[in-house]
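The values are calculated or read from the model by the stated rules, or taken from the named source; none is laboratory data. Owing to the predicted nature of the structure, the values given are computational and were not obtained by experimental measurement. For neighbour counting, all protein chains shown are included, and Cβ atoms are generated from backbone atoms with ideal geometry for every residue, glycine included.
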Amino acid sequence: MAALQTAATLGFTRVGLQSARATEPDPTQSATAIVVGSGYGGAVAALRLGQAGIPTLVLEMGRLWNTPGPDGKVFCSTAAPDQRSMWFRTRTEAPLATFLWLDVVNKDISRYPGVLDRVRYDHMSVFVGRGVGGGSLVNGGMAVTPPKAYFAEQFPTVDADEMYGTYFPRARDMLGVNTVDPAWFESTEWYRFTRISRRHAANAGLRTTFVPNVYDFEHMRREAAGTAPKSALAGEVIYGNNHGKRSLDRTYLAAALGTGNVTVHTMERVTSVRRAPDGTYVLSAERIDVTGTVVGTKEYGCAYLFLAGGSLGTTELLVRARESGTLPDLDAGVGTGWGPNGNVMLGRANHLWDTVGANQSTMPVMGIDDWSNPANPVFAEIAPLPTGLEHWVSLYLAITRNPERAAFSYANGAVRLGWSAAQSAVSAGMAKNLFDRINRANATIYRYDLFGSSGRVFADDFTYHPLGGCVLGRATDGYGRLKGYRRLYAVDGSLVPGSIGVNPFVTITALAERTMARVLVEDTAP
Ligand code: FAE
């Protein structure tokens with residue numbers, strides 16, 4: 001059991017690295033506000049509650065990633081994953097599973113609360129981060145603000161001018177968003193793979209755009225110069241970055257703990273929520289140990305409950321609460337409007353003279369932007385495939401404007417997602433339209449060897465961007481307050497209606513900022 005209460009320094013210092021102090025949980029088992037989950041939505045909620053002087057407890061099922069393993073590093077590498085890589089698995093389940101059809105990517109590991117989880121539903125599996133910082137620990141750091149018109153279409157009840165004037169800038173500032181120096185980008189071997197993909201897109205008449213990131217590009221330049229320890233330039237990303245990335249434990253969460261009003265309990269999974277007769281909330285949580293064994297259960301009480309377990313975590317808790325009768329007045333919209341942000345991963349095979357380079361940075365900095373094409377809107381991130389060897393592969397994560405949505409159902413205590421293969425095929429079809437164009441213009445073909453032995457080209461059965469399930473303005477009011485209840489909020493990716501057209505964490509952060517600004521003024525008055 002790890003509980004943490006600390007006056008962490010502000011700025012980009014990892015939470016608790018110098019000043020963490022393990023304590024036993026508050027014996028009263030209650031706090032004015034509880035936040036479930038410590039990803040983007042949870043981190044914003046914790047900081048703003050803490051700054052308002054409200055005693056706040058954050059419950060996180062993953063661990064605090066601040067202790068070096070036997071190799072002296074906090075996180076393991078992608079090339080040699082160990083128990084730290086995945087959430088209670090005996091073998092890694094990387095998104096790109098094969099190379100030349102060979103099972104050379106995944107490795108046997110021992111069961112442990114590793115940092116990356118793959119939640120499997122029928123026809124769709126969802127990658128999520130586990131630990132203090134949620135998805136920020138494992139993601140590619142791409143910090144993209146969506147096109148204003150698409151944001152306004154997805155959120156018709158939200159004042160887009162206010163979002164783009166106030167909350168997006170606030171989120172980007174707090175997250176530490178920066179951009180790669182274009183001159184360095186043009187000259188460094190580490191982004192050769194991106195420049196090749198840019199040229200191939202241009203040959204097809206397609207536009208590319210630089211994409212900001214929360215990885216510190218000054219640190220990356222020092223990595224390249226050999227004056228800083230390598231992380232992005234050492235293949236680190238989906239199992240965590242040991243250096244350079246401004247994950248939430250260095251930004252929002254460090255600041256939240258710095259208020260002195262926020263406590264984080266780790267390795268505690270909230271399993272149910274109910275309401276006490278006085279209108280406060282009662283949560284049940286399982287304490288798990290490093291083997292995954294439940295070593296105890298706890299109950300917590302709070303007046304204000306902020307759900308931030310991510311699209312899956314929050315939606316599952318709420319669907320279970322409504323269907324099992326612990327929060328029966330939740331709206332019928334809870335559990336609907338889910339989508340994978342149209343994600344499709346794919347690879348192209350380049351000509352022998354078009355080398356992508358053995359050295360590749362893991363932090364993407366450019367996308368092919370064809371979102372404004374009404375016939376086939378796609379935004380495709382140019383993704384790295386850092387193997388340390390030349391492989392002539394151009395890899396992409398395409399975000400397509402797939403209008404399909406799914407709902408969650410509840411039976412025998414389990415929550416299931418009703419996504420179908422036909423719904424994924426819509427995304428794959430849109431990605432194919434775009435990349436057929438690129439292949440035609442460059443006389444290239446797809447790679448058939450990267451996503452398992454079946455030879456599939458379009459990996460449309462997993463997503464990095466789970467969105468929706470508790471959509472803003474449908475399951476909630478216009479500020480994330482759950483319909484049917486007072487002082488109960490969703491503040492994470494569950495609010496986004498299945499698609500946002502770009503990588504989602506800046507939007508999730510900005511919406512959480514907007515919710516907290518409103519709620520702290522309107523809902524906390526005596
Ligand atoms: P999230 O960050 O998932 O945090 C939820 C937290 O709640 C987690 O720490 C959970 O362990 C915890 N939790 C869940 N249920 C419970 C429970 N019952 N009890 C206690 N704790 C619980 O939620 N997005 C971008 O914008 N740019 C990128 O470059 C990018 N790359 C990605 C790469 C990968 C490999 C992955 C997996 C995701 C990527 N994403 C990216 C998506 C991004 O990380 C994701 O949208 C956000 O993390 C979602 O934020 P939330 O606050 O919704």
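Annotations
- Among the residues listed as Val74, Val104, the single one being closer than 22 Å to Leu385 by Cα, in a loop (DSSP other than H, G, I, E, B) and more than 15 Å from the ligand (Cβ to nearest atom): Val104
- Residue count, segment 257-288 (criterion: assigned to a loop (DSSP other than H, G, I, E, B) and touching a residue at least 40 places away in the same chain (Cβ under 8 Å)): 5
- Exclusive hit being farther than 30 Å from Trp101 by Cβ and not aliphatic (A, V, I, L, M), set Gly337, Gly367: Gly337
- The condition of being surrounded by 15 or more Cβ atoms within 10 Å (Cβ to Cβ) and on the phi > 0 side of the Ramachandran plot holds for only one of Gly310, Gly301, Gly292, Gly279, that being Gly310.
- Strands (runs of 3 or more DSSP E) (entirely within segment 355-443) containing at least 1 residues that are more than 16 Å from the ligand (Cβ to nearest atom) and surrounded by fewer than 21 Cβ atoms within 10 Å (Cβ to Cβ): 393-400, 408-411, 414-417
- The lone exception for Gly72 - which of (1) of a type outside the set (Phe, Trp, Tyr); (2) in contact (Cβ under 8 Å) with a residue 24 or more places away in the chain; (3) under 23 Å from Leu233 (Cβ atoms) it fails: (2)
- In segment 104-123, the residue that is surrounded by the fewest Cβ atoms within 10 Å (Cβ to Cβ) out of those that are in contact (Cβ under 8 Å) with a residue 60 or more places away in the chain and either farther than 30 Å from Thr293 by Cβ or not hydrophobic (A, V, I, L, M, F, W, C) (or both) is Asp122.
- Residues satisfying the stated conditions in segment 226-243, i.e. buried (at least 24 other Cβ atoms within 10 Å of the Cβ) and away from the ligand (no atom under 14 Å from the Cβ): Ser231, Leu233
- Segment 316-334, residues that are in contact with a Gly (Cβ under 6 Å, 6 or more places away or on another chain) and over 30 Å from Ala525 (Cβ atoms): Val319
- Residue check, Gly484 in contact with a Leu (Cβ under 8 Å, 6 or more places away or on another chain), within 16 Å of the ligand (Cβ to nearest atom), in contact (Cβ under 8 Å) with a residue 12 or more places away in the chain and on the phi > 0 side of the Ramachandran plot: no
- Members of segment 290-317 that are polar (S, T, N, Q) and within 11 Å of the ligand (Cβ to nearest atom): Ser311, Thr314, Thr315
- Only one of the numbered conditions (1) more than 10 Å from the ligand (Cβ to nearest atom); (2) aliphatic (A, V, I, L, M); (3) under 30 Å from Asp71 (Cβ atoms) is not met by Met267, and that is (1).
- Tally of residues being buried (at least 19 other Cβ atoms within 10 Å of the Cβ) and either on the phi > 0 side of the Ramachandran plot or of a type in the set (Ser, Thr, Tyr) (or both) across segment 79-97: 2
- Unmet criterion (only one of (1) in contact (Cβ under 8 Å) with a residue 40 or more places away in the chain; (2) outside any loop (DSSP other than H, G, I, E, B); (3) crowded, with 18+ Cβ neighbours inside 10 Å) for Thr145: (2)
- Verdict on Ser453 being of a type in the set (S, T, N, Q) and modelled with pLDDT under 95: yes
- Condition met for Thr463 (buried (at least 24 other Cβ atoms within 10 Å of the Cβ), within 16 Å of the ligand (Cβ to nearest atom) and farther than 22 Å from Tyr167 by Cα): yes
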